[in-house]
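Structure first, then comments.
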Amino acid sequence: MAHHSGGMGEESVIWNYLRSTVWPGLASLVLGVGLVAWRGPNPAWSILGVALLVAGITAVLTARARPNLVSTLNAAGEGTRVGLPPLAREVFERLPDPLMLLDANGRVLFANSAMRTVVGVDAENKHVSSLLRTPAILEAIDRSAAGGEPASIEFTVPVPVERHYQAYVARAASQPPVTTLLLHDMTAIKRTEQMRADFVANASHELRTPLAAVSGFIDTLKGHAREDQEARERFLDIMTVEAGRMRRLIEDLLSLTRIELNEHVRPSGLVSLESIMREATTALSPLAESDRITLEISVEPNLPTVTGERDELIQLFQNLIHNSIKYGRAGGHVWITLASAPSQGGRGTGSMVSASVRDDGEGIAPDAIPRLTERFYRVDVKRSREKGGTGLGLAIVKHIVNRHQGRLTIESRAGEGSTFTILLPSAATDSGVTELL
């Protein structure tokens, strides 16, 4: 019974608090919005509406930090660590944007779940400078706390995946003063802008050669080769090849753009790498048979699942296996291995799942390996184009691995072939750390 009466005492405090302070403020806000929106025949109604809006906002902001409520709630034994009413804490917690409330000394009074995801730790009672290391943000907080001026700042978090934020800093008109820090994720917008610029630059550069070739052959066929049957057949075959190259290039560019746009969003599905690898291998078996290349798969029993996007992982392994078929030796082998792997440095204590694709081709020069995942980089430009390569396959692989918080390693020796290994955190112990070549 004692516990029940204590809870009722706190409910009474909150009820009186809402009745005396919060509800009148909210009522002023609602009535003010209605009057401003109505715009009655007399301008005085609009003026009254604005006055009610200002009064309502001031009442709600001031009510949040009333010392008598905080002390009464804490004395009741059930209040929260920072004196926020339970309803307010629940509302703030459910906001999709990261929110942080700071006291006059820059110590965190409250941080919602979205903000805890950004800073990576339970932020309450810590100083903001130990959580956010961006000087512009800290300076804006200091200025706002000192002079009450709101500020808006853009900043970037470079690791583990680059993210862009718009930060809004403002001090509430309350006693004691409370500074609000609200973040808006601008990553998708920034990536869209960058992707648009990259797409135009890359597409114009890579499409120039096949377009020039097709245009030249069309002019020739319209001119002196109009009646030359043999030349017409030869030119049409070349034009078909160039048109196919442009189609593959556009498809890869669109695929890469889509992957990069969502690179900062972690996948949520559980997938089996064995089924994905077998599906990718089955799709490429006809190509391997045409080059007399044997595909061999080795899978460790009871392999753990991983968190991933199935279609993207199929594309990843198709690109790796396709590369090994294209650049392996005719009549050779491609070995595909799936196995558990120990945790990597800096990745926590969880296990990993390793997927490797090895060929017995010519190998890759050591100085070329660091550049393999660059857009349009080709070790042998002529051979790559003859094989139908666009120079985007490994760039797509890198960004898919990046999105899945994994790691890509490449090993190669001249005359001994190359091995491409993907490490992905197992679903049960996903560490969420990214490391790329």
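The values are calculated or read from the model by the stated rules, or taken from the named source; none is laboratory data. Treat the numbers as computed from the prediction; the structure is a model and nothing was measured. Ideal geometry is used to build each Cβ from the backbone, glycine not excepted, and the neighbour counts take in all protein chains shown.
The condition (being acidic (Asp, Glu), under 27 Å from the mean Cα position of the chain (by Cα) and buried (at least 20 other Cβ atoms within 10 Å of the Cβ)) is satisfied by just one residue among ASP252, ASP359, ASP311: ASP252.
Could you count how many residues in region 281-297 are in a helix (DSSP H, G or I) and either small (Gly, Ala, Ser) or touching a residue at least 12 places away in the same chain (Cβ under 8 Å) (or both)? The total comes to 7. Being free of Cβ contacts under 8 Å to residues at least 12 places away in the same chain and over 23 Å from the mean Cα position of the chain (by Cα) is the filter; apply it to region 110-137 and report the residue that is surrounded by the fewest Cβ atoms within 10 Å (Cβ to Cβ). The qualifying residue surrounded by the fewest Cβ atoms within 10 Å (Cβ to Cβ) is PRO135.
Here is a yes/no grid of residues against (1) more than 17 Å from LEU424 (Cβ to Cβ); (2) out of contact with any strand residue (DSSP E or B) (no Cβ under 8 Å at 6 or more places or on another chain); (3) of a type in the set (D, E, K, R):
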| residue | (1), (2), (3) |
| --- | --- |
| ALA225 | yes, yes, no |
| GLU233 | yes, yes, yes |
| ILE238 | yes, yes, no |
| ARG248 | yes, yes, yes |
| LEU256 | yes, yes, no |
| LEU273 | no, no, no |
| PRO304 | no, no, no |
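From the list ASN112, ASN125, pick out the single residue that is at pLDDT 90 or above and not β-branched (Val, Ile, Thr). One residue alone meets the criteria, ASN112. Residue count for region 404-437 under the criterion of being crowded, with 17+ Cβ neighbours inside 10 Å, modelled with pLDDT of 90 or more and of a type in the set (D, E, K, R): the result is 1. Please state which of the following conditions LEU261 fails to meet, knowing it meets all the rest: (1) surrounded by 20 or more Cβ atoms within 10 Å (Cβ to Cβ); (2) within 30 Å of ILE189 (Cα to Cα). Failing condition for LEU261: (1).
Taken as a whole, the structure places VAL108 among residues that are in contact with a Lys or Arg (Cβ under 8 Å, 6 or more places away or on another chain) and hydrophobic (A, V, I, L, M, F, W, C). Each residue in region 93-102 was checked for being surrounded by fewer than 18 Cβ atoms within 10 Å (Cβ to Cβ) and either in contact with a Leu (Cβ under 7 Å, 6 or more places away or on another chain) or within 17 Å of GLY120 (Cβ to Cβ) (or both), and 1 pass.
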